[in-house]
Structure formats: structure tokens, C-alpha cells
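Following: one structure in C-alpha cells, then a few remarks.
The numbers here are math on the coordinates, done by the rules we state, and not lab data. Keep in mind that this is a model prediction, so the values were computed, not measured. Every residue, glycine as well, gets a Cβ built from its backbone with ideal geometry; the counts of neighbours run over all protein chains shown.
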Amino acid sequence: MQLSPDDYIWWRFGLFEVNSTILYTWIVMALLSAGSWLVTRRLRTGVHISRIQHVLEVVVHGMDQQLREISPHQPKGLLPFLGTLFLFIAVCNLAAVIPGFEPPTGSLSTTAGLSICVFAAVPIYGIGKIGFVQYLQNYLRPTPFMLPFNIMGELSRTLALSVRLFGNVMSSSMIGAILLIIAPLIFPILMQLLGLLTGLVQAYIFAILAAVYISAGMEAGEPV
Amino acid sequence: MLINWFTVLAQIVNFLILIYLLKRFLFKPILRVMAEREKNMADALNRAEQAEQTAKARARELEKEKAAFAKARDQVAQWREGTVKEARDEVEALRGAWMSNITRDRQAFLDGLKQRMVEQVVRIGGKVIRDLADQGLNRQVLRVFLEKVADGKDELSRNAMKRGIVVQSGIPLEDDDVRIVRERLSQWFPGVTRIQFESAPELGFGIQLVVGDRKTAWHLTDYLRDLEKEIMGNLFKNTWVKS
């Protein structure tokens, strides 16, 4: 039994290899990009717009609103970053219901990669917003004694972020597989439906937490 | 080992590429179009608001015009009423004048007609009497004439002495008649020597006695005139009562 789709290798050349995680990531990427391109190449600005344009507007506007609630003064590039994060995770998780599809988010490598991105984004946006010194001073709050704990917190939350998503998605597909063996009728479908819900919730949680971490990093506190 | 570090690296790269792609194909166009649509809608709303303001202003204007029109209509109605009343009064006055003219003309015509009728009747009456006059009727006339002279003889006798008596007759007198008259006159005016008889056709059917500037007479014309007066009086009295 395979625990991670990383182990299923399609093609290898030296250190370079194409495993299931990378392959399905590419498929999701192609799906998202092509879908977006197909819809947005003929956008209309009138009163009457196509349904799919409406759907995309609702999705983008909804994400924008959520982000504004968390961080009212968001920098320009924050929406594409967090929006892409949410859409990618959501599509990966939802596509898990397709038989044969291995969700890339079920691989700890993927979730770790995404967490590292968030981990890197926090200081990038924070320093961009409030400056290098101010940002570093945030680690000394509320007192300099908290510095090791702040650094540990930073690392552990990144770890938690990746493990939470991985655990949920992996367990969801694992439960589906186990239930197929125990009770092949009906129950796996119910679990798959539950998987859809948890998949969307996990995508939301990941994106929201990333938004909270980044916006917390952009806040300038009182001088130490 | 659950983590494949090559895959981690590859996924980071993949994710960055995906960010770029979605930014390029999804977020930018959608956000741009949304902003544009919001702007269009705001413009449309502004235009609608402006149109509403214009419509309201126009409605107020129309309301004013309507009020002015109603006022003008009232004035016209008032003027029309006055004019119609004036015209009606004028027509009434004209009609009254016309009616009174007609009544007057009719009255004049009827009066003329009656007068001519009476005159004709009297004239024909007189002619008939004259045509039918004979000895007997002449005698009757003489008798009545002499009675009148007898009544006024005292008055006449004062002048009769110095001026004499003239008897003028419109009817032919027989010798007997002349004799009777002469006798009577001699009897009533004893001192009078000159008694003259004259024929006077202008008197018509009548006879008169002239003493200086005094005279006593009997004329059919007098009777007829009295009769005419009476008939006319009665006729006109009736006419006035009727009209």
C-alpha cells in the first residue's frame, strides 16, 4: 500500500523524476490555467455576462472580500498568492472524487512546499510593508524573552500547516480505500461526499491561516 | 520517508508558476473587468439619476404649464360666458325693438285700415242717404232744422233785425217748403224784412241759417262725423284692450 503518491514514479532522468504528485499537479495547473484562459479571453463589461464569467467573478470577489476582512490594507500581490493557494488546494481536493486521480495535496511534499511558500511569504510581505527592522522587532514582542518561542511558533505553525492538510487529505482517501474493502456499497460514496466537504474546508483553512500569518507579519506593533 | 525533497522543490516551482499563470489569466482580467463593470454600473446609475432629475424638473414645468393653462381656460370660459350673455341681451333687446316695431306697424296698419273702413262706410252711408232722399225726407230735415232754429231763436233775433236772414240749403227745396220756412221765420223774427234763400251744394245733405256771424244748421255730415268718431272711439278702445 502506498502512503504517498510521490512513490509512484512515471519517468526518471538522473535526479529529475516525474511522480504522480508532480504529474497530477501539472494536470490541475493545466486545468486551472486553460479554464481561466478560456473564460477570460472574452470577458464582457456590459450588464449581461455569461454564466461562467459570473461564477468566476463570484469566486474572485468572494476571495477578495474574505481577504479584506482579515487584512484591510492588503498589498497588491496578496490576492493572486492566496487565491491561487485556495484554488489549487480546493481543485486538488475536489478532484479526489474522480477515480484514479491522486490528489497532490495528499502528498506531504506538496503540502510542505506550499507551507514553505507561506513561510517565505510572511517575511517578504511583512518587510515589504513595515520594513526590515520593524519586522524583526515583531519577534521580540511582547518581551525579548519571547524570541525563541516566537521563532519556534513560526516553524511549528508551518509544520502544522503542512501536516494538517496532508493528514486530512491522505486520511480521506485512505478511509475511502479501506471502506471499499470493508463495505464496497454506499458507504464509500458517503465518505467521498464527506471528503468533498472536508477538502473544501481544508482549502479554506489553509488559505485563511496563510492570510492571517501574512497579515500578522505586516502589523507594526509598539516599539520594544 | 514521506517527504521527497525533489518533489517539494518541484511543487514550490510549480506553485510559483501557477501563481503567475492564474494572475495572468484569471485575477488580472477578472478584477479589471469587475472594476470596469462597476464603473459602467455607477455611470448608468448616475445617468439614470440625472434622467430622473430632468424628468422631475420637466414634470414640475408641466405642472406649472398645466396650472397656467387651467387659469387661461377659466378666463376664456368666463369671457365666453360674458360675451354670450352680452350677445343674448343684445339679441333680446333687438328682438324687443323689432317686436315693438312690428306691433307698432301692425297697429298703424290696422288703424289706417279701420279709419279707411269707417270713412268708406260713412261716405257710402251719406251717399245712400243722399241718393234715397225724397220729399218726405226733405220735409223731416226741414222740421228738425226749424226745431233747432226755434231753440236758438232768442240768440239769433238780436242780429237778425239789421243784417237779415240767409237760409243756405244743400237739398233742393220745393216752393211749399220755402213758404213754410218763410212763414215760420217771419213768425219767430217779426221785425225782419229780408229773408234770402240760397242753394249751397257744398253743404251736402243739410241746411243752415246764417244771421251775420251766427248760424244754426243741420247737416248729415255732422251726424256722420259724430258717428265716425263714435265708431272710431269704440274700435280703437277695443284694439288697445286686445293688444
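Six or more apart or on different chains, Cβ under 7 Å: which pairs go from a residue in region B:38-63 that's under 23 Å from A:His54 (Cβ atoms) to one that's of a type in the set (Val, Ile, Thr) and surrounded by 10 or more Cβ atoms within 10 Å (Cβ to Cβ)? Could you list them?
B:Asn40/A:Thr45
So A:Gln65 passes all but one of these: (1) more than 7 Å from chain B (Cβ to nearest Cβ); (2) under 18 Å from the mean Cα position of the chain (by Cα); (3) in contact (Cβ under 8 Å) with a residue 12 or more places away in the chain. Which condition number does it fail?
Here A:Gln65 clears every test but (3).
Does B:Thr216 satisfy the condition of being among the β-branched types (Val, Ile, Thr) and either part of a helix (DSSP H, G or I) or touching a residue at least 40 places away in the same chain (Cβ under 8 Å) (or both)?
Judged against the criteria, B:Thr216 is a match.
Look through B:Arg32, B:Arg37, B:Arg47, B:Arg58 and report the one residue that is basic (Lys, Arg), surrounded by 13 or more Cβ atoms within 10 Å (Cβ to Cβ) and more than 7 Å from chain A (Cβ to nearest Cβ).
Numbers: B:Arg37 fails: more than 7 Å from chain A (Cβ to nearest Cβ); B:Arg47 fails: surrounded by 13 or more Cβ atoms within 10 Å (Cβ to Cβ); B:Arg58 fails: surrounded by 13 or more Cβ atoms within 10 Å (Cβ to Cβ).
The match here is B:Arg32.
Tell me which residues, restricted to region B:1-16, are more than 7 Å from chain A (Cβ to nearest Cβ), closer than 21 Å to A:Trp11 by Cβ and either within 60 Å of the chain's Cα centre (by Cα) or part of a helix (DSSP H, G or I) (or both).
Answer for region B:1-16, where residues must be more than 7 Å from chain A (Cβ to nearest Cβ), closer than 21 Å to A:Trp11 by Cβ and either within 60 Å of the chain's Cα centre (by Cα) or part of a helix (DSSP H, G or I) (or both): B:Trp5, B:Leu9, B:Val13.
Check B:Gln196 against each of (1) under 60 Å from the mean Cα position of the chain (by Cα); (2) part of a strand (DSSP E or B); (3) loosely packed, with under 15 Cβ neighbours inside 10 Å and name the one condition it does not meet.
(1)
Among the listed residues A:Tyr135, A:Tyr125, A:Tyr139, which satisfies the condition of being over 25 Å from A:Thr25 (Cα atoms) and within 14 Å of chain B (Cβ to nearest Cβ)?
Details: A:Tyr135 fails: within 14 Å of chain B (Cβ to nearest Cβ); A:Tyr139 fails: within 14 Å of chain B (Cβ to nearest Cβ).
That would be A:Tyr125, the only listed residue that is over 25 Å from A:Thr25 (Cα atoms) and within 14 Å of chain B (Cβ to nearest Cβ).
Name the residue, out of A:Leu200, A:Leu165, that is under 24 Å from B:Leu16 (Cα atoms), in contact with a Ser or Thr (Cβ under 9 Å, 6 or more places away or on another chain) and surrounded by 14 or more Cβ atoms within 10 Å (Cβ to Cβ).
Residue meeting the stated conditions: A:Leu165.
What's the total number of residues in region B:74-129 that are closer than 30 Å to B:Phe205 by Cα and over 30 Å from the mean Cα position of the chain (by Cα)?
12
Between a residue in region B:172-199 that is under 24 Å from B:Gly136 (Cα atoms) and any residue that is surrounded by fewer than 14 Cβ atoms within 10 Å (Cβ to Cβ) and aliphatic (A, V, I, L, M), which pairs come within a Cβ distance under 6 Å, given they are 6 or more apart or on different chains?
Here the result reads none, with nothing in region B:172-199 linked to a residue that is surrounded by fewer than 14 Cβ atoms within 10 Å (Cβ to Cβ) and aliphatic (A, V, I, L, M).
Residue-by-condition table, conditions (1) more than 8 Å from chain B (Cβ to nearest Cβ); (2) surrounded by fewer than 16 Cβ atoms within 10 Å (Cβ to Cβ); (3) within 17 Å of B:Phe25 (Cβ to Cβ):
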site	(1), (2), (3)
A:Pro5	yes, no, no
A:Leu15	no, yes, no
A:Tyr24	yes, no, no
A:Leu32	no, no, yes
A:Ser36	no, no, yes
A:Arg41	yes, yes, yes
A:Lys76	yes, yes, no
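Being surrounded by 15 or more Cβ atoms within 10 Å (Cβ to Cβ), β-branched (Val, Ile, Thr) and part of a helix (DSSP H, G or I) is the filter here, so list the residues in region B:114-166 that pass it.
B:Val118, B:Val122, B:Ile129, B:Val141, B:Val149
Does B:Lys229 satisfy the criteria of being part of a helix (DSSP H, G or I) and either among the small types (Gly, Ala, Ser) or within 30 Å of B:Asp111 (Cα to Cα) (or both)?
Taking the combined requirement at face value, the residue satisfies it.
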